[in-house]
Structure formats: C-alpha cells, structure tokens
Amino acid sequence: MTRTQPPRTGAPGRAAALNGSSPAPALPPPRRRRRPALLALAVAMVVLGALGAAYLATSLGRTTPVIAVAREVPWGQQITAADLVEARVSADPALDPIPYGDRDQVIGMVAATTLTPGSLLTREALTAQPLPPPGQQLVGVGVSAVQLPTTPLRAGDDVLLVPVTGSGGTGAAAPAGTAGTVEATVVRSGPPGTDGLRVVDVLVDAADGPDVAARAAAGLVAIVVVAGE
C-alpha cells in the first residue's frame with residue numbers, strides 16, 4: 001500500500017525556527033493617496049476645453065450680412081443701389097464693414113476714395129460731403145486726343161491744366177509754371193464723344209474756376225499728369 005505524504009506547509013517556518021530567526025511578516029500593499037484638488041482641477045480643465053472648442057466652432061460657423069462693393073465707384077461719385085451687394089462674413093475684430101441693414105443710409109453718400117469691386121465697404125471710405133467741397137469748383141474740360149496723355153485718367157489724379165495758344169487746341173502749349181497754369185484734381189474722365197473730344201471733370205480752386213471754364217470752352221487747355229505724393 002502506498003502512503004500519501006501530507007503537504008509540507010510548515011517547512012519554511014520550521015527552517016526559520018531551526019535557524020533561530022522568525023519569518024518576515026507579510027506587508028500590506030501601499031495605499032494610493034487620493035488628491036481631490038488635483039482631480040477637481042483636471043475635470044475643470046476638461047470641461048473648459050470642451051466649452052472653448054464648442055465656442056470656437058460656433059463662432060467660425062456664424063456669419064453676418066455686410067455691404068460689399070458690386071462695381072467700381074470712382075472717388076467723388078455718389079453711391080447708388082446698383083453699387084452695393086450683400087456679402088456674409090465671419091465676425092473678425094480686424095474688420096469693421098458696414099452692416100447690410102444700413103444699406104439705405106449708405107445710398108446717396110459720396111466715395112471718399114475709389115471703391116473696388118469685391119471689397120467690403122467701411123465708413124472711412126464714405127463721406128457726406130458732395131462735390132465740389134467748399135472753396136473749390138467743378139469744371140468740365142473738353143480735350144482732344146493730343147491734349148491729354150494716352151494713359152487713362154483716374155479719379156483722384158493730380159494734374160496741371162496748361163493754357164494752350166492758338167485755336168481749338170491746335171497750337172502749342174505754354175510752358176508749365178507760366179501764368180494760367182492751374183493745379184486740379186480729376187474727378188471723372190468721360191468717353192470720347194462723336195466730335196473726338198473727351199470731357200474730364202476736374203476740381204479747381206474757386207478763384208480759378210471761371211478762367212478754366214472759359215479756356216476749356218475755347219479748347220485752350222491741355223492736361224498734364226503730375227507725380228502723386
């Protein structure tokens with residue numbers, strides 16, 4: 001008959017007793033210290049991050065209707081309804097366009113600078129002062145092809161109105177700087193007429209207006225473009 005040996009559970013203890021030492025007590029696992037303040041801070045940061053992302057997504061997706069320029073409006077020209085179009089843009093502190101709801105207030109105002117198509121309209125680009133401003137007069141000068149540069153004149157160009165000797169502009173121009181030369185600013189340059197003359201509207205000082213008008217009627221004015229500032 002085979003005898004079954006019982007498990008030797010006390011062997012280490014007996015060995016320790018024979019060696020004259022007691023077994024090392026089993027230590028419990030270290031307890032993890034909880035820090036409620038750090039946990040609350042982490043939760044708050046997660047919540048704030050989620051709120052910030054939601055606000056950013058909402059802001060980027062929100063647009064407002066503003067006024068944009070539909071076609072070129074030269075400096076000094078009145079704004080008409082056909083010059084304006086609605087555009088929708090996202091809010092941006094760097095931009096200050098006029099709300100489209102103020103469209104009726106803009107119509108009839110004057111362009112303080114040449115407005116280009118597709119640009120957003122701002123209040124700084126408008127003025128309530130119609131042309132001519134105080135102290136100046138608006139004169140139409142009819143000139144032939146030889147009395148102005150072939151380069152197209154633009155609103156706001158600074159020019160000299162130089163007196164011409166002879167009749168109908170066929171004579172020679174007097175030297176610039178002589179008596180009769182007048183400084184002016186171009187407001188608008190019209191298309192050539194059936195007679196070959198092009199009428200250019202210019203602003204001149206009120207004291208020079210009558211003389212310029214008389215010379216222009218006789219075709220005795222040539223236009224010279226000067227360098228801008």
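The values are calculated or read from the model by the stated rules, or taken from the named source; none is laboratory data. As the structure is a computational prediction, the values presented were derived from the model and not from experiment. So basically every Cβ, Gly included, is an ideal-geometry build from the backbone, and we count neighbours across all protein chains shown.
Restricting attention to region 77-105, the residues that are crowded, with 17+ Cβ neighbours inside 10 Å and not aliphatic (A, V, I, L, M) add up to 5.
Inclusion of residue 64 among residues that are assigned to a loop (DSSP other than H, G, I, E, B), hydroxyl-bearing (Ser, Thr, Tyr) and either surrounded by 14 or more Cβ atoms within 10 Å (Cβ to Cβ) or out of contact with any Gly (no Cβ under 6 Å at 6 or more places or on another chain) (or both) is not warranted. Looking at region 106-128, which of its residues are polar (S, T, N, Q) and surrounded by fewer than 12 Cβ atoms within 10 Å (Cβ to Cβ)? Matches in region 106-128: 116 only. The condition of being on the phi < 0 side of the Ramachandran plot, at pLDDT 90 or above, loosely packed, with under 14 Cβ neighbours inside 10 Å and assigned to a loop (DSSP other than H, G, I, E, B) holds for only one of 227, 207, 214, that being 207. For residue 23, indicate whether it is at pLDDT 60 or above, part of a loop (DSSP other than H, G, I, E, B) and surrounded by 10 or more Cβ atoms within 10 Å (Cβ to Cβ). So residue 23 fits the description; yes. Looking at 176, 172, just one residue is closer than 12 Å to residue 225 by Cα and at pLDDT below 90, and that residue is 176. Listed by first and then second residue, the pairs linking a residue in region 102-120 that is under 10 Å from residue 67 (Cβ atoms) and in a strand (DSSP E or B) to a residue that is modelled with pLDDT under 95 and not small (Gly, Ala, Ser), with Cβ atoms under 7 Å apart and 6 or more places separating them unless they lie on different chains, are 120/66; 120/95; 120/97. Output the number of the condition that residue 95 fails; it satisfies all remaining conditions of (1) modelled with pLDDT of 85 or more; (2) under 20 Å from the mean Cα position of the chain (by Cα). Just one mismatch for residue 95, condition (1). Residues in region 194-229 that are small (Gly, Ala, Ser) and within 22 Å of residue 72 (Cα to Cα): 1 in all.
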